[in-house]
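Derivation of every value follows stated rules applied to the coordinates shown; laboratory data play no part. Every value quoted in this text rests on a predicted model; they were computed, and no experiment measured them. We place every Cβ from the backbone using ideal geometry, glycine too, and count neighbours over all the protein chains shown.
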Amino acid sequence: MQKLILNWLQAKSVFKTLAWCATLIVVYLTLKTPIDTNKEWYFLFFRGDLVLHFVCYFFIAVIYCLAFFTYKFYLKKAFIYAFFLGLILELLQLISFFQRHFDIQDLFANLLGVSLGILLIHLLFSILSKNNSF
């Protein structure tokens, strides 16, 4: 079973395709014109859009880790790519054409999601490698 998982992780094209698709979805959802900007919603005590930013960039970081698994320093590459994706998309929202607005809290939610996604993958692979799975 462990060899099957390792072989699956080394199938670069599957995860790279998934990473490209996820990136395109994030770019579209981030830059599309909002439907209704006056309605705010909350999840527990957090603004709903911050929760969405966190979850989105958490999964982007995990997908990038899987896409870069066969590369040296894959965790650093995944972190840099995911963080700069969020940074560039937030900076693009400064352009009035997109009818969006820059929010530093969104950027922090992105950073937190990326960081926890990378940390989860690091811990998971560390535990698996201690058990001689990888």
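Worth a mention:
- Cα gyration tensor shape for segment 17-87, rounded if a/c is under 1.5, else prolate or oblate: prolate
- Extension gain from K16 to S115, taking 0.36 nm per residue of separation minus the Cα-Cα distance: 33.6 nm
- Modelled label positions at L87 and Y71, each set 7 Å beyond Cα in the direction of Cβ, lie 1.6 nm from each other.
- R0 of 25 Å, Cβ-Cβ distance E40-I95: FRET efficiency to nearest 0.05: 0.60
- Local electrostatic count at L91 - Lys and Arg +1, Asp and Glu -1, tallied over other residues with Cβ under 14 Å: -2
- Note on I127 and L29: the model spin-label points, each 7 Å out from Cα along the C-beta direction, lie 2.6 nm apart.
- Neighbour cut-off at most 12 other Cβ (10 Å), DSSP loop, trypsin sites (Lys or Arg not before Pro), segment 34-117: K39, K72
- Among the chymotrypsin sites (Phe, Trp or Tyr not before Pro) found in segment 26-126, those both in a DSSP coil and sparsely packed, with 15 or fewer other Cβ atoms within 10 Å of their Cβ, are W41, F45, Y71, F73, F102.
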